[in-house]
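The values are calculated or read from the model by the stated rules, or taken from the named source; none is laboratory data. Everything quoted here is computed from the prediction, not taken from an experiment. Note that we place each Cβ from the backbone using ideal geometry, even for glycine, and neighbour counts take in every protein chain shown. When the accessible area is computed, the model is the full protein with side chains, heavy atoms only, and any ligands, DNA or RNA have been set aside. Shrake-Rupley method; radii C 1.70, N 1.55, O 1.52, S 1.80 Å.
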Amino acid sequence: NKETKVKITTDYGSITLRLYNDTPVHRANFIFLTKIKYFDTTVFYRIAKNFVIQGGNSDEHHTMMQRQKYGNYLMKPEFRSHRKHKYGALAAARQWENNPNKLSSPFEFYIVQNRKGAHHLNNEHTVFGEVISGFDTMDKLAELKTDIKEWPIVDVKMKVEVLD
């Protein structure tokens, strides 16, 4: 899974991402999940305006079955000093509690939507890619109305495909 570009398509537009070669495990994992169409049954489930948009989860049965099939494996961090939580950074989500090794979730990701970045997250989460087009779509998603837990009122479904 050496490809480095993917496109996320939503009802609000598309976001194209470039995945980094110097984070090979996270990149290959994201490409693998894209190829098996895991993300096609997930949503952007957290919209934290001026912070991040987060996706890779849903309440759909198929999503739960995929997670069960592959197991809830975790990935070791691939921190790179030059990979920062800048505007448009793609990073792996992780549990904060009881996770001293900062192991990443293989299924959930977020994109930094704050134009100033989210630099307090540097070396806390693995940044493994960046938005190369579709910043307007990312900003549209950030404007969506959410509930008190930052879940969008209307589900933001996605389709993710490998470009190269």
- What nm distance separates the two modelled labels at LEU103 and ILE36, each placed 7 Å from Cα along Cα→Cβ? 1.7
- Message: Place a point 7 Å from the Cα of ASP164 along the Cα-to-Cβ direction; which residues of region 1-17 have their backbone N under 17 Å from it?
- Response: 1-8, 16-17
- At R0 = 22 Å, FRET efficiency that the Cβ-Cβ distance of VAL25 and HIS119 yields, to 0.05: 0.40
- Message: Between region 88-164 and region 1-79, how far is it from one alpha carbon centroid to the other, in angstrom?
- Response: 9
- Note on the structure: Expected max-MSF residue from GLY134, GLY117, GLY71 in the GNM of the chain (alpha carbon, under 10 Å) is GLY71
- Note on the structure: Comparing LYS49, LYS86, LYS149 in a Gaussian network model of the chain (Cα, 10 Å), the one with the largest mean-square fluctuation is LYS149
- Task: Calculate, axis by axis, the spread of Cα positions in the chain along the three principal axes, and write the results as whole Å, longest axis first.
- Result: 37, 36, 34
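Please sort by residue number the chymotrypsin sites (Phe, Trp or Tyr not before Pro) in region 93-164 whose DSSP state is loop and whose Cβ has at most 12 other Cβ atoms within 10 Å. Intermediate results must be reported in sequence, preceding the final value.
On the way: sites: TRP96, PHE107, PHE109, TYR110, PHE128, PHE135; in loops: TRP96, PHE107.
Here the chymotrypsin sites (Phe, Trp or Tyr not before Pro) that fit, given the DSSP loop and packing criteria, are TRP96.
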- Note on the structure: Classified through the alpha carbon gyration tensor (a ≥ b ≥ c as square roots of its eigenvalues; rounded if a/c is under 1.5, else prolate when a/b is larger than b/c, else oblate), region 108-151 comes out oblate
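Please return the longest range in the chain lying between exposed loop sites, taking GluC sites (Glu not before Pro), DSSP loop only, at most 13 other beta-carbon atoms within 10 Å, and leaving the sites out. Present the calculation step by step, with values, prior to reporting the outcome.
Values: sites that count: GLU97, GLU143.
Between exposed loop sites, the widest span is 1-96.
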- Item | Max mean-square fluctuation residue, GNM over the chain, Cα-Cα springs under 10 Å, options VAL43, VAL127, VAL154 | VAL154
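Around ILE153, under 15 Å between beta carbons, what's the net of Lys plus Arg minus Asp minus Glu among the other residues?
Values: positive: ARG46, LYS49, LYS140, LYS145, LYS149, LYS157; negative: ASP11, ASP59, GLU143, ASP147, GLU150, ASP155.
Net charge in that neighbourhood comes out at 0.
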- Task: Quick one: compute the contact order of the chain, relative version, from alpha carbon pairs under 8 angstrom and 6+ residues apart, as a percent.
- Result: 36
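Whole number in Å², please: accessible area per residue of region 79-133, 1.4 Å probe, ligands, DNA and RNA not counted. Working shown, then result.
Values: 2610 Å² over 55 residues.
Ligands and nucleic acids excluded, the result is 47 Å² per residue.
Taking a 23 Å limit on the Cα-Cα distance, which of the listed pairs LYS116/LYS140; LYS2/LYS76; LYS35/LYS102 fall beyond it? Walk me through the numbers before you get to the answer.
On the way: LYS116/LYS140 17 Å; LYS2/LYS76 19 Å; LYS35/LYS102 26 Å.
From the list (LYS116/LYS140; LYS2/LYS76; LYS35/LYS102), the Cα-Cα distance tops 23 Å for LYS35/LYS102.
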